[in-house]
Amino acid sequence: MLCTKRIEVATEGHCDIIDITSQVAEGVAASGLKEGTVMVFVAGSTAAVTTMEYEPGLLEDLKETWKRLVPEGIPYKHDLRWGDGNGYAHIRASLLGPFLGVPLVDGRMALGMWQQIVLVDFDNRPRSRAVVVQVVGD
């Protein structure tokens, strides 16, 4: 069986990290499925999904890491073509990725105790992000 839920998330951009675990869990509960896979996908080329411990220190650490790895304020060919100044956001999102899979066991996502599902919006402006949650299984 396959069940799909769409989540709309308002973001601030600029490496905004939003815990979406509870919204994903609502989709899992509504599916009624007990065993399978939970798939989370964000539409858009400047946002990504991953898991992490959602605590203030780590949120800041992750933001600082992205600034070091893929800095803003340097030339990107994308910016020359489109003039929107978010080339860095596309690179960051490509590295982290738009998709996450989580095992579903006994009707619950098999996340660790300190592991949350997060949406990361790297764009240089606020956005409304569409996240698709699909639960596949029995």
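None of the figures in this text is laboratory data; all of them are computed from the coordinates on show. Note that the structure is a prediction, hence the values are computed from the model and not measured. A quick note on method: Cβ atoms are made from the backbone with ideal geometry, for glycine too, and the neighbour counts reach across all protein chains shown.
One table, with the values for the structure above:
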read-out	value
Candidate lysines for bridging to LYS5, where Cα separation is under 25 Å - those fewer than 8 sequence places away on the same chain excluded	LYS34
Gain on full stretching of the segment that runs from LEU58 to PHE99 - 0.36 nm per residue minus C-alpha separation	12.7 nm
Reachable aspartates and glutamates from LYS63, criterion Cα separation under 20 angstrom, eight or more residues apart if same chain	GLU12, ASP16, ASP19, GLU53, GLU55, GLU72, ASP121, ASP123
Three-way shape call for the chain based on the alpha-carbon gyration tensor, with the a/c threshold at 1.5	prolate
Between the range 73-138 and the range 35-71, the alpha-carbon center distance in angstrom	6
Gain upon complete extension [GLU12, ASP84; 0.36 nm per residue less C-alpha separation]	24.3 nm
Percentage relative contact order, the range 2-137, counting C-alpha pairs under 8 Å, at least six apart	55
Net dipole in debye of the chain [+1 Lys, Arg Cβ; -1 Asp, Glu Cβ; about Cα centre; nearest 20]	440
